[in-house]
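K.L.:
For reference, the structure I am asking about is given below.
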Amino acid sequence: MASETHAHVTDAHDPHAFTGAADAAAADAGAGARRDRAVRAAVERGLLDVEPVVCLLDVAGIRASAAALTGAFAAHLAPGTPVLHAFAVKAAPLVPVLRLLAASGLGCEVAGPGELALARAAGVPAERTVLDSPAKTQAELREALALGIAVNVDNRQELERLDALVAAAPTASPIGVRINPQTGAGTIDALSTATATSKFGIALRDPGAREWLVRNYVRRPWLTRLHVHSGSQGVPLPLIAAGVRELHALAEEINAAAGRRQVDTLDIGGGLPVNFASDATTPTYEEYARALREAVPTLFDGSYGLVTEFGRSLLAKHGTVLARVEYTKVTGGRPIAVTHAGVQLATRTVYAPQAWPLRVLPYDAKGAPKTGPPLVQDVAGPACFAGDLLATARQLPELAPGDVIALPDTGAYFFTAHYGYNSLLRPAVYGFTTGAPHGVGFALARPAQSLAALVDEAGGALGDALLA
């Protein structure tokens, strides 16, 4: 990556109002300016004095992303078309985040009882919640049906399990089946879910699968939805759109066979990739909606209600990790800055740096953007293994003990999905807002994990349990 730079422009006045390319660029620059202000304020107020690493969420940025999503679809959908944008809880499983998104009109997509509990704690109603998982238990399915939560069936055995549950008790839950369109992989195999052998859904191109789906929908009038999700990071828009096109065609075929509009809603998943190379938001939700319209011209004509399940694209650009540089050294001629942010927060970057590169933004000890001649150096984390590196041979102004590094674009799947290597503690997460008359305001969204809590989770109260 090239040397990092900081944005120094005034904040955008209304992030909800941006529609054109120039306005979008101004919004992205405004986000960078808000981040710079938040970093300085965090340092000045001593957030990094209590703990050497903290995490920040840009509240205005999150609201703007939610508005961009809902606005892009509203601009293309026929008036009155039912649509639910369900945030993928796994991307940022924090109750305050879910509450903020719910206030912006979004629901929740959950994958298991833990995520469902978080959605319910955030006050998200059952009718705005979708359950997806390839390994749902009897208890999970029974609870979802009792609450009226939408369920996407993953496989044939699960469908048979639902036969008994639906027959045993009436439910208000919309129920559909997830298909695997087998349209191919993106650039990251582990996140591509529409491959020939993906573990998710009914493989649409396997021999006899399409006929089986049509036949079993006709036999079950309570199957009223279809679901597809082709992957996330690394999956390009044309590949995502191809999966949705397959979904729409199957819905038309099922409804023709049933002789009525049995399938009334298409859950088209999420998967919009994120740009980690700069502050630019690309691709946009508007570009995604246009790609869908080109691939499936009748998708937005009101024939079907729609559900989306975006996660990373809503939160990633609005999260920043801040960490102190504890030490610097030179080994084998290579300068190394050792920080308190590493594999516990940026797990994917450490283990798969080519697929998940992060920018490193340098600030001085007072929280001001650091400038100076670029120096090739490594930025390391605190964990006790050699590969705990955030950046290798990166050109940055020379870092010194006491400086602060910022890792932008970490609002989804990074610090919200803590990895407990070396029993490193979960850091505090703060939401921040900027603007007169109060400057930068911080709100605690998750407290830092205490040593006592760590010991308790590690069976501290059960110390003698294995001695008997």
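K.L.:
Output the residues belonging to the stretch 302-320 that are outside any loop (DSSP other than H, G, I, E, B) and not polar (S, T, N, Q).
P.N.:
Once the filter is applied, which keeps residues that are outside any loop (DSSP other than H, G, I, E, B) and not polar (S, T, N, Q), the stretch 302-320 yields 305, 306, 307, 312, 314, 315, 316, 317, 318, 319.
K.L.:
For the structure I just gave you, tell me whether residue 385 is closer than 30 Å to residue 285 by Cα and either out of contact with any helix residue (DSSP H, G or I) (no Cβ under 6 Å at 6 or more places or on another chain) or not assigned by TED's automatic domain parsing to the domain that holds residue 283 (or both).
P.N.:
Answer is no for this residue.
K.L.:
Something else now. Within the stretch 253-262, does at least one residue satisfy the condition of being in contact with a Leu (Cβ under 8 Å, 6 or more places away or on another chain), outside the structural domain of residue 36 (by TED's automatic domain parsing) and part of a helix (DSSP H, G or I)?
P.N.:
yes
K.L.:
Another question, then. Taking the stated definitions as given, is residue 281 more than 30 Å from residue 48 (Cβ to Cβ), assigned by TED's automatic domain parsing to the domain that holds residue 181 and among the β-branched types (Val, Ile, Thr)?
P.N.:
Spelling it out, it is not the case that residue 281 is more than 30 Å from residue 48 (Cβ to Cβ), assigned by TED's automatic domain parsing to the domain that holds residue 181 and among the β-branched types (Val, Ile, Thr).
K.L.:
Among 115, 140, which is under 26 Å from residue 409 (Cβ atoms) and among the acidic types (Asp, Glu)?
P.N.:
115
K.L.:
Can I ask one more? Can you confirm whether the stretch 246-266 contains a residue that is within 20 Å of the chain's Cα centre (by Cα) and surrounded by 23 or more Cβ atoms within 10 Å (Cβ to Cβ)?
P.N.:
Step one: of the stretch 246-266, the residues within 20 Å of the chain's Cα centre (by Cα) are none.
No, because not a single residue in the stretch 246-266 is within 20 Å of the chain's Cα centre (by Cα) and surrounded by 23 or more Cβ atoms within 10 Å (Cβ to Cβ).
K.L.:
Is there a residue being crowded, with 16+ Cβ neighbours inside 10 Å and farther than 27 Å from residue 409 by Cα anywhere in the stretch 306-317?
P.N.:
Checked against the condition, which is being crowded, with 16+ Cβ neighbours inside 10 Å and farther than 27 Å from residue 409 by Cα, the stretch 306-317 yields at least one hit.
K.L.:
On the basis of being outside any loop (DSSP other than H, G, I, E, B) and modelled with pLDDT of 95 or more, does residue 286 make the cut?
P.N.:
Against the criterion (outside any loop (DSSP other than H, G, I, E, B) and modelled with pLDDT of 95 or more), residue 286 qualifies.
K.L.:
Does residue 254 qualify as being closer than 22 Å to residue 130 by Cβ, in contact with a helix residue (DSSP H, G or I) (Cβ under 7 Å, 6 or more places away or on another chain) and not aromatic (Phe, Trp, Tyr)? Can you show your working first?
P.N.:
Working: closer than 22 Å to residue 130 by Cβ: yes; in contact with a helix residue (DSSP H, G or I) (Cβ under 7 Å, 6 or more places away or on another chain): yes; not aromatic (Phe, Trp, Tyr): yes.
For residue 254, the condition - closer than 22 Å to residue 130 by Cβ, in contact with a helix residue (DSSP H, G or I) (Cβ under 7 Å, 6 or more places away or on another chain) and not aromatic (Phe, Trp, Tyr) - is met.
K.L.:
Can I ask one more? Could you check residue 225 against (1) within 30 Å of the chain's Cα centre (by Cα); (2) in a loop (DSSP other than H, G, I, E, B) and say which number it fails?
P.N.:
Single failed check for residue 225: (2).
K.L.:
Check whether at least one residue in the stretch 233-243 is buried (at least 18 other Cβ atoms within 10 Å of the Cβ), modelled with pLDDT of 85 or more and closer than 27 Å to residue 149 by Cβ, and report yes or no.
P.N.:
yes
K.L.:
May I ask you to say which residue of 193, 183 is within 24 Å of the chain's Cα centre (by Cα), at pLDDT below 95 and closer than 29 Å to residue 125 by Cβ?
P.N.:
Exactly one of 193, 183 is within 24 Å of the chain's Cα centre (by Cα), at pLDDT below 95 and closer than 29 Å to residue 125 by Cβ, namely 193.
K.L.:
Confirm whether residue 199 is modelled with pLDDT of 95 or more and assigned to a loop (DSSP other than H, G, I, E, B). Before you say what the answer is, go through the steps one by one.
P.N.:
Values: modelled with pLDDT of 95 or more: no; assigned to a loop (DSSP other than H, G, I, E, B): yes.
No; evaluated as a whole, the condition is false for this residue.
The values are calculated or read from the model by the stated rules, or taken from the named source; none is laboratory data. Keep in mind that this is a model prediction, so the values were computed, not measured. Note that we place each Cβ from the backbone using ideal geometry, even for glycine, and neighbour counts take in every protein chain shown.
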